[in-house]
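Everything on this sheet refers to the single structure shown next.
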Amino acid sequence: MLGQIGAILLVSGTGIVGLLAFLLAIYGLLTINHAVGRMVASSASRHWLEAKGVVIASQVVEIKPRRKFPFSDTRIFAPQLLYSYHAESDEHNSQKLNFDPTPSFFLPIAGFEQRFSQQIVERYPIGSEVPIYFDPKDATRAVLERNAPHAGTYAATGLLLALIGASGAFVCWELLKSFLNF
């Protein structure tokens with residue numbers, strides 16, 4: 001009797017671990033997709049039009065994480081920019097610096113340091129004239145920099161997660177097959 005309960009627990013535990021590993025692989029693939037999308041957007045922006053813009057607001061702000069991480073007193077900072085520009089005889093405003101793929105979920109982990117944010121703010125002081133790059137198909141889409149600085153890191157992280165998850169799912173599947181003899 002005890003052997004059957006142990007076998008049931010072993011099989012169900014292996015199934016749950018296998019499912020979690022499979023979900024990790026899916027998450028890794030989604031991370032790769034998001035990062036590659038940012039790289040493609042960055043590359044496509046090389047054909048965007050340039051306009052003269054003016055920085056309206058430029059400051060470092062502290063971001064309050066939506067969830068509190070255990071044992072974490074890390075303070076997270078980000079540059080907050082606002083600039084205006086004329087495109088297609090209309091005035092537009094935007095806040096987008098570049099095509100960085102950092103999703104908001106990762107901000108508590110990969111948030112900007114205050115020093116790094118301050119360097120960006122110093123590069124774009126209030127009142128300065130700056131080149132703005134905007135999408136000729138949608139003039140409301142604009143950036144100050146046509147790059148995706150962390151896209152490669154996120155793609156590599158996604159690949160690692162996908163490989164670990166797929167390997168774990170495969171191992172669990174093979175264990176389940178041997179436990180259930182099929």
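A few notes on this one:
- Residue in the stretch 158-170 that is within 25 Å of Gly13 (Cα to Cα) and more than 25 Å from the chain's Cα centre (by Cα) present: yes
- Scanning the stretch 55-65 for residues that are aliphatic (A, V, I, L, M) and surrounded by 15 or more Cβ atoms within 10 Å (Cβ to Cβ) gives Val55, Val60, Ile63.
- Complete set of residues in the stretch 1-32 that are surrounded by 12 or more Cβ atoms within 10 Å (Cβ to Cβ) and more than 37 Å from the chain's Cα centre (by Cα): Ala7
- Any chance Tyr83 is more than 30 Å from Leu30 (Cα to Cα) and modelled with pLDDT of 90 or more: yes
- Counted residues, the stretch 48-78 - those being part of a loop (DSSP other than H, G, I, E, B) and either modelled with pLDDT of 65 or more or not small (Gly, Ala, Ser) (or both): 12
- Test: residue in the stretch 24-42 that is farther than 18 Å from Gly158 by Cα and in a helix (DSSP H, G or I): yes
- Which numbered condition Ala156 misses (of (1) of a type in the set (A, V, I, L, M); (2) modelled with pLDDT of 95 or more; (3) in a helix (DSSP H, G or I)): (2)
The values are calculated or read from the model by the stated rules, or taken from the named source; none is laboratory data. Please read all numbers here as calculations on a predicted model, not as lab measurements. We place every Cβ from the backbone using ideal geometry, glycine too, and count neighbours over all the protein chains shown.
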